[in-house]
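**Student:** After the structure tokens below, expect a handful of questions from me.
Derivation of every value follows stated rules applied to the coordinates shown; laboratory data play no part. Because the structure is a prediction, the values reported are computed rather than measured. Every residue, glycine as well, gets a Cβ built from its backbone with ideal geometry; the counts of neighbours run over all protein chains shown.
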Amino acid sequence: MSIIEQAIERMAHLKRAGVDIGPPDEKTEPTAGGRAEPEMRPAKAETLQESRVEVIHTEVASSSRDVTSRYVELDLARLDMMGLVVPSAPRSQIAEEFRVIKRPILANAHGKGAAPVDNGNLIMVTSSVPGEGKSFNSINLAMSIAMEMDNRVLLVDADVARPSILNLLGLPPARGLMDVLLEEGVGLPDVMLRTNVEKLTLLPAGMMHKNATELLASGAMRSLLVELAHRYSDRIIIFDSPPLMVTTEAPVLAQSMGQLVMVVEAGRTTHTMVKQALSKVQGCPVKMLVLNKARYARTDGYYGYYGYGYGYGNDARGAGLGGKAA
């Protein structure tokens, strides 16, 4: 169907819906009985075609606002040197580890897990306390999933008090989550950053605000999460969130998530801390643990990182493969 045919069909729909699309160009001429009757004149072909094309362009712009997203270039060589997962090194040790981590996460997101998961595509990455490597793991998980054939990823920096995603990726500060929550007229597509990793999009934390952490627990944030879940239902959305033991906002944010990945630092985070942190989370059906900075001796004499497991409901057990935290 051509653009003009689409426009004509659209105008017919509007007319049937009772929308006034404007009077035709007409001229009144007296009839034999003295009464003026409208004489219909055909519109100029060029003008009619331009108006129809404008209708189509308007509809396309309103239905795919992602085109307004800004493009940024990630220095993949730099990220590789930092020990992050990158598409150019799909068989690195860290890539292999996160390949194992993401499998149950993707299964839950696509309804192929042990049980159905509401909002399974909303995944929160957190920790008990700062410094355990949650942002490093958030980026690696997002990168690894973006390397899949059939998955697109949106990585959200929701640690608005101490944002670090853009800094770790070597990018300057940019508008983001806080701007959408605080400024009228700023929408999600306006602040998203498309990257040279084709299936990876970023949503920065945005402007600093004195009540930034409180905004995570606000009604506006809940509405935004609903919009994310429905508008981008075809994407895996990963939230790098504040630590659970530091703020009250992180547990509130977790209530809207379908899955929670908790990073546990080997040799530092105690079993009691893990239990206390997880006890703060209510409503999130799937909780997984990633054991970070755990070293094990390999047969070649070098050290690696290992451990994996996950649980449902309030009984999360085990540890997950983890890489070296930045």
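**Student:** Per residue of the range 191-196, in order, report the coupling 6.51 cos²θ - 1.76 cosθ + 1.60 (Karplus, θ = phi - 60°) as ³J(HN,Hα) in whole Hz, putting x for Gly and Pro.
**Tutor:** Values per residue, Gly and Pro as x: 10, 6, 10, 6, 10, 6 Hz.
**Student:** Hey, another quick one. Report the semi-axes of the equivalent ellipsoid for the range 113-152 in whole Å, largest first, where each axis is √(5λ) for an eigenvalue λ of the Cα gyration tensor.
**Tutor:** 22, 16, 7
**Student:** Could you pull out the pairs from K102/K287; K210/K275; K112/K280; K102/K134; K112/K287; K134/K275 whose alpha carbons sit more than 19 Å apart here?
**Tutor:** Pairs exceeding the cut-off: K210/K275; K112/K280.
**Student:** Send over the Kirkwood Rh of the range 223-270, from the inverse of the averaged 1/r over different Cα pairs, rounded to one decimal Å.
**Tutor:** The answer is 12.5 Å.
**Student:** Which value, in debye to the nearest 20, describes the size of the charge dipole of the range 70-312 about its Cα centre when Lys and Arg Cβ atoms bear +1, Asp and Glu Cβ atoms bear -1, and nothing else is charged?
**Tutor:** For this selection, approximately 620 debye.
**Student:** Over the alpha-carbon set of the range 204-289, divide Rg by the Kirkwood Rh and report the Rg/Rh ratio to two decimals.
**Tutor:** Using only Cα positions, Rg/Rh for the range 204-289 is 0.98.
**Student:** Can you give the direction-averaged projected area of the convex hull of the alpha-carbon atoms in the range 70-312, in nm²?
**Tutor:** Hull-based average projected area comes out at 12.8 nm².
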